[in-house]
Amino acid sequence: MKNLPKSYPFAIIIAVIAILPVGVLFSLASDDAAFFDTRNITVLMNTLALMGLTVAGAVMVGVPLALLTAYVSLPLKRLWLILFAAPLAMPSYLGAFALYFSFGRGGEIESFTGLTTPSLEGLWGAGLVMTLYTYPFVMMTTRSALLSLDASQINAARTLGLSLTASIWRIVLPRVVNSIAAGALLAALYALSDFGTPAIMGLDTFTRVIFVEYNAFGLSQAAMLSLQLMLIVVLILFIESQIRGAKERPGKHIQIYVHPAKSLGFVSLFSPVILLSLVLPLGIFALWLAREGAEGFDIAYAWNSAYASMMAAVVAVILAIPVAHAAIAGRVGRFFERITYFGFGVPGIVMGTALVYLGLQIPVLYQTLGLLVIAYVLRFLPLAVSTVRSTTENQDGGLVNAARVLGATPREAFFRITLPLTARGMIAGAALVFLEVMRELPATLMLGPTGFETLATYLWRVYEAGYFGRAAVPGLCLVFISGLGLILMLTGERKAEFSVNESQHS
């Protein structure tokens, strides 16, 4: 026990807390809740159908865009990459909100142009919205893999007479299929956990029905539905964990030179994606802002969001430090780390259901900011752990050893050497947690203290009341804040180029 890393006890406690909501759900679901009833069939089919549509749409859009932004010599290439990745900066429920009120009879498009458009609702409406806001997962994971491929094999295939299209189809895509699958599974998890989009589109999925049961004080049934949803999530996470692609040796990547007019033609094929996911929603919010201004909006909503997010970010980083160090110390520590990742795969509405029940058992916690922050930390702790661990692993261990040789105690070496060098990862992790908490809707709706309104919950109240014009200010604030997260993700991307002329061997 003397050789046990000092971070282990803290990591064990944090891991136990991380899986506590699961035990709470089992306890709650055992109280008069039927594991199966006929209505669950419809809910299950709707959920799986939405997941299937989302995955299919995300792959159909994301893979071609990955090839386009990775290999084709686009004018203003960096700008197009940012634009095609930009839907990540908009929470899907914001897009669903704007699109729902834009299409259909009496929608904003008809009011503004006089053109009647079909309504956007139900399974197909939700599937379209989810595709628009999840395809970047597939695009980014696939693009990253494409950029890691060496061009020598495709160049050899072209030398043997294969066309460029055939070379990509037969040589490139089979080598990135695991990355495509990884992005598709992220899209599937997003579809399973999203609450706002199905609710706005009127589609009864697990997340929407769980919220309805919660509002009807059917906590036991909500818990049972939550466990059923978690079974699907765990299956997806298991599949994701089994995807292990062979690591490519970094090399010069392919650069396909085409005529500027032709490259812009490729881009124009995907212009409807940008139009529907970005231009139209932002235009609708701008229209509502011009029409109604900031009526009904209180700056306190933004402050509440920022305050709760900052608290969650600070707590998450503090807890991430021992978990990250335990993971680096050995296999047992990595096991504890994997347990903390479980919360990130649990939908916010499931976490909310578990902690509502926990709050009822501990009245001092119920409907307090503290309980809400606990939910945020359990959900997004892995974001902090991953960045802190990555930064810590890249440190030069010789610096700590040198400090010890010079007489520093382990505590002094930690605070003088390790902690300052880890600060960058801590700040990045805190920023990611902050941004995700700002966007979180279902857990905030269920656990927020009475009268504690955030940007996300105010937007939801506006939707429920039908005052959609008042969604402009909170919607634009959330887009701006989420955009900061996109900037963090895209910053620092490295490039390597290898030229392959499109006309070669054609």
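The values are calculated or read from the model by the stated rules, or taken from the named source; none is laboratory data. Since the structure is predicted, the reported quantities are computational estimates derived from the model, not experimental observations. Virtual Cβ from ideal backbone geometry, glycine too; neighbours counted across all protein chains shown.
Some values worked out for this structure:
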| quantity | calculated |
| --- | --- |
| Filter result (without any contact (Cβ under 8 Å) to a residue 24 or more places away in the chain and surrounded by fewer than 22 Cβ atoms within 10 Å (Cβ to Cβ)) within region 178-212 | V212 |
| Subset of region 64-88 that is crowded, with 23+ Cβ neighbours inside 10 Å and of a type in the set (A, V, I, L, M, F, W, C) - its residue that is farthest from the chain's Cα centre (by Cα) | A70 |
| One residue from S263, S241 being part of a helix (DSSP H, G or I), modelled with pLDDT under 80 and surrounded by fewer than 15 Cβ atoms within 10 Å (Cβ to Cβ) | S241 |
| Some residue of region 153-165 being over 17 Å from the mean Cα position of the chain (by Cα), at pLDDT 80 or above and either farther than 20 Å from V59 by Cα or part of a helix (DSSP H, G or I) (or both) | no |
| Any chance F103 is within 29 Å of Q228 (Cα to Cα) and aromatic (F, W, Y) | no |
| Selected residue (only one of T353, T340 is outside any loop (DSSP other than H, G, I, E, B), in contact with a Ser or Thr (Cβ under 7 Å, 6 or more places away or on another chain) and either under 30 Å from T197 (Cβ atoms) or not assigned by TED's automatic domain parsing to the domain that holds E108 (or both)) | T353 |
| Residue within region 394-414 that is of a type in the set (A, V, I, L, M, F, W, C), farther than 21 Å from Y190 by Cβ and at pLDDT 85 or above present | no |
| Flag for A145 being farther than 20 Å from A86 by Cβ and surrounded by 24 or more Cβ atoms within 10 Å (Cβ to Cβ) | no |
| Cβ pairs under 8 Å, 6+ apart, first in region 1-24 and assigned by TED's automatic domain parsing to the domain that holds V346 and modelled with pLDDT of 70 or more, second in a helix (DSSP H, G or I) and of a type in the set (S, T, N, Q) | I14/T340; A15/T340; A18/T340 |
| Qualifying residue in region 296-303 (condition: in a helix (DSSP H, G or I) and surrounded by 16 or more Cβ atoms within 10 Å (Cβ to Cβ)) | yes |
| Residue in region 213-223 that is surrounded by 20 or more Cβ atoms within 10 Å (Cβ to Cβ), touching a residue at least 40 places away in the same chain (Cβ under 8 Å) and either in contact with a strand residue (DSSP E or B) (Cβ under 8 Å, 6 or more places away or on another chain) or small (G, A, S) (or both) present | yes |
| Per-region count, region 453-467, residues small (G, A, S) and at pLDDT below 90 | 2 |
| Enumeration of residues in region 25-39 that are surrounded by fewer than 21 Cβ atoms within 10 Å (Cβ to Cβ) and modelled with pLDDT under 80 | S30, D31, D32, A33, A34, F35, F36, D37, T38, R39 |
